[in-house]
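Here is the structure we will look at, set down as structure tokens.
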Amino acid sequence: MMRRMTGVAFLLSAAACSVVQDGEVGEVADEQTAVAIDDLGVTYIRVDDQGISHVTAWDEKAGYAGLCYAMARDRLFQMDVLRRSAQGRLAEIYGPGEGDSILGQDLLARAQNLPAFAAARYAAAAPRTKRVLQGCAAGVNQYISTAKASSSGLPLEFQALGYEPAPWTPEDSVLAYIYVGVTFDTLTWFTKLERAAVASIAGTDVATTLIKEAPDDVSMFDAQGNLNPISQFLVPPGPAAPSATLVNPPPPTCLDGARRVTEQARRMAPASGRASNAWAVDGHLTSTGKPLLATDPHFPHSTPSAVYVAQLKISGQYNVAGWMVPGFPGFISGHTDRIAWVPTYSLFDSVDLYVETLRGASGGGEEALVNGQWKPVTTRVETIRVKGQADVQRTFRATPHGPVLNDGLDGLESFGTLALKSTAGQPEWKVDGYFEMPAALNWTQFRTAALKQSIGWNFIFADYAGAQGHIGYQNSGLAPQRESPLNALYPVPGTGGHEWTGYATNAELPSVYDPPSHILMTANHRIVPRSYAPQGRPVHLANYWDMPWRAQRIATRLTTATGPITPQDMASIQLDTQTTIGLPLRDSYLAALGRAGLPADDPSAAAAMAALQQWDGSAAASSQGAAVYEMLTLILLRNTVSDVIGPDEYAFFAPNVFLTNQLNGLIDVLANPRAPYFGIVPGVDPGAARDQAVRAALAQADAMLRDALGADVSAWTWGGIHELKYNHPLAGEDERFDIGTFPATGDVETVNIGGWFAKVGILGLPPGDFEAAGGVRGALDQDSLSATRLIWNLAPLDGSLGVMSTGNSGDPRTCNYSNHAEAWRSGQLFPIPFTSAAIP
């Protein structure tokens, strides 16, 4: 079957590329598989041309059983790996890893005791949630049984690694969603550690500058909770007018003295992908006369994609399509025949680190001092099975604040005993709202449902009632309130004065319906200012917002459209690679080089400067100017930071502080050069020192580019050093899993995200180690991307568009394993059918 639409070159038929399990009940109308699941009855699963499963049932529990059967058929190994990641059981199938890296991940996961949190949250869940997740578990387990009994067997990964998955439980689905929050939150508490380390090395002012917060003057809402005008996002940012540096308080006295995170802890640095774009435009501005919505969730790069797209129809109740996290069947983004919603992560400050004061207890064990009372420290002993070597037994502790990280993460000794308190460990945490959203008919019902889940999300909503429809925004999740502002910045004393006092109420979480601009957008940028107090009391939501740069670009594209906005226009914005800070930074570099002169020992300097001068600001893979700009910026940033805190600390700082916060600090010191940056001391001209730093960075960047791309500057391209490698864990063992390596586009601040976070510290390694770690390409390997791009369009109901980063299946024996990969890279979209008649 061949079909065409604007921007789509071809569509593949799925008819001949599914792995049919022997135990499935045959075909209905040649396209629809009937699956009988335990005593729940039969559900019907129809797989369209693009590998998306459309599930139909007459009972909600049976429907979710069918949905999870389809999910397991497509993603069982990925679901099991995510479960094992949260449980601390990866070494059981992979072995200890190089330098015990995988075992180290397991130990950190075991210390956090996430399965116990999941069990407690499931036990307290609403009856509907339990029923749905019981159905989901039944569906997964039905697939496991069917696959094991079939001639094709379990998915290839299980066969290659020689193990079988354990039965799925309802608690496992809660665990999968908890783990989404953990991957977001880990970067937050690593940043708190790093802020304390930088403050101990170079002082609070330096820590505040190098980990520079998003400015207050570009927030979505004002201090009273009113939506700010969209016009504030149209002011181009740049180094000419940096925001004032807010100097935060110094670390608490319990952190006096040198604080360092050792090499063991550095190896556990989280891979960051905590970003996303989402926006909606109502019918006043669209070609359809009804709302259009865009979602492109940014996750750490994985093969298959980090999200799963499907449709679930419960006859007589609701019909919903959207994306979810493998293992958790809640539609985090979706649409029905009446409403649609798209999310971004809200960057809530959901975790705290407590420096505990301990003593031996009279009856054995330990006690922790909290608010003047000695309280028991609980312990548990766990055995970690390690493939190919002896089991590892470890004792893990928990204080009244939470799990003790030291028991699973070596290298925290200089901080003392650190306990992690997270919202996932609190009884208020829930997921119930996801199973009410699909049945919502209007804004009021959706908003009520959205407030019944606990990870910090920005939900943008649309309904299609009335002439032009309506759009709305609801901030959602558990936002802890504290006794002290220091919790947001550093590890704090566990002895008292820094406890949680409750959470932001639903009335205090920002919300708006029918904005006058007819546009709503979120891109992880600051939602509220520091002075936010909508009900009269100060409310803290987050500290480490992303910069407003992606939001500004989206706003500019939407508000400068020359005609009604089409679905294709929305998709075009998702592909946008124009940098917001690129040209202002470029101009500051050119000005500095004009004053300081080109480096004499750099044979590429003149051609590189010419490439910068001609650059249009786009981080396209084919761009010569982008290669020079990105490399120069990163080397200048590396030099600026490592000169102040030292190269050893930079190796931890670089991947653990969100890169856009680092860039915001660089913009600050370039515009306002001062000690201790650029080697400035009394008697040294600050401007001249800055210009010399830019000059030196250009020489070093050019040398790296020559080594990677050759001496011919005209052949340099951004995609030549910035690559996307499809990273299935078994790709090196079985070529069927290997999709390939390709030039990557975008950077960390473009709408079309091209993030590199986890390995950027490679740029600080000495010669020899630098090359062994992969050099420039190793440092800039893309590890954050849009796992899917979707445009929700309900006018008509079959008008939505989308593409996955890989394919919807994790099984390379099907043509749905990588059938979207080329389309995703080239910016193509496929129709996402919704009505039965439109499903090919």
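The values are calculated or read from the model by the stated rules, or taken from the named source; none is laboratory data. What you see is a predicted model, and the numbers here were worked out from it, not measured in a lab. Note that each Cβ is placed from the backbone with ideal geometry, even for glycine, and that neighbours are counted across all protein chains shown. Note: areas computed on protein heavy atoms with side chains; ligands, DNA, RNA excluded. Shrake-Rupley method; radii C 1.70, N 1.55, O 1.52, S 1.80 Å.
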Which lysines, if any, have their Cα less than 22 Å from the Cα of residue 313, not counting same-chain residues under 8 positions apart? 61, 130
How much mean residue ellipticity at 222 nm does the chain get from its helices, if each DSSP H run of length 4 or more adds -39500 (n - 2.57) and you divide by all residues, to the nearest 500 deg cm²/dmol? -10000 deg cm²/dmol
Ignoring ligands, DNA and RNA, what percent of the accessible area of region 765-808 is carbon or sulfur (1.4 Å)? 62 percent
So if I take the centroid of the Cα atoms in region 612-649 and the same for region 501-542, what is the distance between those two points in Å? 34 Å
Correct semi-axes for region 334-426, from √(5λ) of the alpha-carbon gyration tensor and rounded to whole Å with the largest first, are 34, 22, 13
Rounded if a/c is under 1.5, else prolate if a/b is larger than b/c, else oblate: which is region 130-201, with a ≥ b ≥ c the root eigenvalues of its Cα gyration tensor? oblate
Lysines whose Cα lies under 21 Å from that of residue 375, excluding same-chain neighbours fewer than 8 positions away: 421
Kindly write out, for region 495-503 in residue order, the coupling ³J(HN,Hα) from the Karplus curve 6.51 cos²θ - 1.76 cosθ + 1.60 (θ = phi - 60°), rounded to whole Hz, with x marking Gly and Pro. 7, x, x, 9, 7, 6, 10, x, 9
Around residue 532, what is the net charge, scoring Lys/Arg as +1 and Asp/Glu as -1 over all other residues with Cβ under 15 Å from its Cβ? -2
Carbon/sulfur accessible area of region 147-198, % of total, 1.4 Å probe, equals 54 percent
Run the accessible area of region 434-528 with a 1.4 Å probe and give the carbon-and-sulfur part as a rounded percent. 55 percent
Quotient of Cα Rg and 2.2 N^0.38 Å for the chain, N being how many residues it contains: 0.92
Would you work out if region 505-601 is rounded, prolate or oblate? Take a ≥ b ≥ c from the square roots of the eigenvalues of the alpha-carbon gyration tensor; rounded if a/c is under 1.5, else prolate when a/b is larger than b/c, oblate otherwise. oblate
Using the Cα gyration tensor of region 292-344, with a ≥ b ≥ c the square roots of its eigenvalues, what is the shape: rounded (a/c below 1.5), prolate (a/b larger than b/c) or oblate (neither)? oblate
Residue-span extension gain [residue 223 to residue 681] - 0.36 nm each, minus C-alpha spacing: 160.9 nm
Mean accessible area per residue over the chain (1.4 angstrom probe, all protein chains present, square angstrom) is 33 Å²
Cα lying deepest toward the dipole's positive end in region 570-695, options 604, 680, 660, charges on Cβ: 680
Give the residue list of GluC sites (Glu not before Pro) in region 422-520 that are DSSP loop and have at most 13 other beta-carbon atoms within 10 angstrom. 428, 483
Spatial separation of Cα centroids for region 46-72 and region 151-223, in angstrom: 29 Å
From Cα pairs below 8 angstrom and at least 6 apart in sequence, can you work out the relative contact order of the chain, rounded to a whole percent? 17 percent
Distance in Å, no decimals, from the C-alpha centre of region 308-380 to the one of region 668-729 is 40 Å
